[in-house]
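The values are calculated or read from the model by the stated rules, or taken from the named source; none is laboratory data. As the structure is a computational prediction, the values presented were derived from the model and not from experiment. When we count neighbours, we look across all protein chains shown, and the Cβ atoms used for this are built from the backbone with ideal geometry, even at glycine.
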Amino acid sequence: MWMSESIGCLAAKLSNYVQLTERDHAHLDILERETQTYQRHQEIVSAGEDLKYLYIVKEGWAYSYVDTRDGRRQIVKLHMPGDLIGFESLPSASVACSVRAASTLVLCPFVPTALNIIFSKAQRLAAILFAMSCRDQEMMVSRLRAIGRMDARERLIQMLLDTINQMRLTEPEISQPLVIPLSQTEIGDYVGLTNVHVSKTLIRLEREGLIARSDGYRVEIVNESAMERIVDYENNHRALDTSWFPEY
C-alpha cells in the first residue's frame, strides 16, 4: 500500500485537500489508535442499534446498506481506506445503515465524543471533516442520478470511475487491475441492477475494449478517457473548495 506507516489512512485522504499540521496529525492519530479486524461478510453494525462507535477504514472494503420491506437490499455506500463510517448517524445517535465487511477488513473504532477536541481545538480540521461529510451527500446525489437516469452500461461505468478515483485518494499511483471485492449481486445492489444484468453489462464493456477482467474480482480500466466521455464524468473526489475554512 502506498501510505506510509507513519501516516494514518484518514490523514492521507485529508492531505489531498489541505496541508495538515503536526497538531492535526496528532489529533487524527488518536482516532486511529485502536484497530479491529473483520472477515468478509461479517456484520459490523446493524441499523437501529445505539451508535457506540464511529470507524475509520484502515484496510479493506466495507459497505453500508438498508433492507427493504420486501427483503431486497440496497447498498448505499462503499467504504475504502481513509473513509469515515457512521458520520450520518451522529444526529440521531442510532445507526442509520447496517455495515458489512466486503473483504477482510481492518477498522479503527472511536467513540463519538473523541471528536470533541477536534471541534473545539482544531477548527480547520473540523471544517474539512464537515466538508467531507457534505461531499458524501454530493456523491449520493450523483449516484441517485445514475440509478434514476442512466442505463446499465452507464451505471457500471460511473461506478468504476468513482471507484478508481476514490482509491487514488490514499494510493495515487494505484496499479491495475483493480481488486474490487464485490460479487455481481453486491454490485447489482449498489447500482440497482440484477446480478444477471451486471454480468451481461460487464461482458459488453469488455467487448467494447473499455475494461478487461482477469478473474471475478480483478478489473482493469483500459480506456478511462472514453468511459469519462460516455457518462460526462466529473471527478468530485479531488475538487474541494477550502476558501471558507478558518485559518490557523
**helices (runs of 4 or more DSSP H) completely within the stretch 111-219 that count 3 or more residues being more than 30 Å from residue 246 (Cα to Cα)** = 123-149, 152-167, 184-191, 195-207
**Message:** Which of the numbered conditions does residue 68 fail, given that it passes all the others? Conditions: (1) surrounded by fewer than 13 Cβ atoms within 10 Å (Cβ to Cβ); (2) at pLDDT 95 or above; (3) not small (Gly, Ala, Ser).
**Reply:** (2)
**Asked** What number goes with the only condition from (1) touching a residue at least 40 places away in the same chain (Cβ under 8 Å); (2) in contact with a helix residue (DSSP H, G or I) (Cβ under 8 Å, 6 or more places away or on another chain) that residue 50 does not pass?
**Response** (2)
**Asked** Picking from 138, 154, 220, which residue would you name as being surrounded by fewer than 20 Cβ atoms within 10 Å (Cβ to Cβ), in contact with a Pro (Cβ under 6 Å, 6 or more places away or on another chain) and in contact (Cβ under 8 Å) with a residue 40 or more places away in the chain?
**Response** 220
**Item:** Lone unmet requirement of (1) touching a residue at least 24 places away in the same chain (Cβ under 8 Å); (2) surrounded by fewer than 15 Cβ atoms within 10 Å (Cβ to Cβ); (3) closer than 26 Å to residue 27 by Cβ for residue 116
**Value:** (1)
**Asked** Can you name every residue in the stretch 79-100 that is crowded, with 22+ Cβ neighbours inside 10 Å and either acidic (Asp, Glu) or farther than 13 Å from residue 45 by Cα (or both)?
**Response** 79, 81, 82, 83
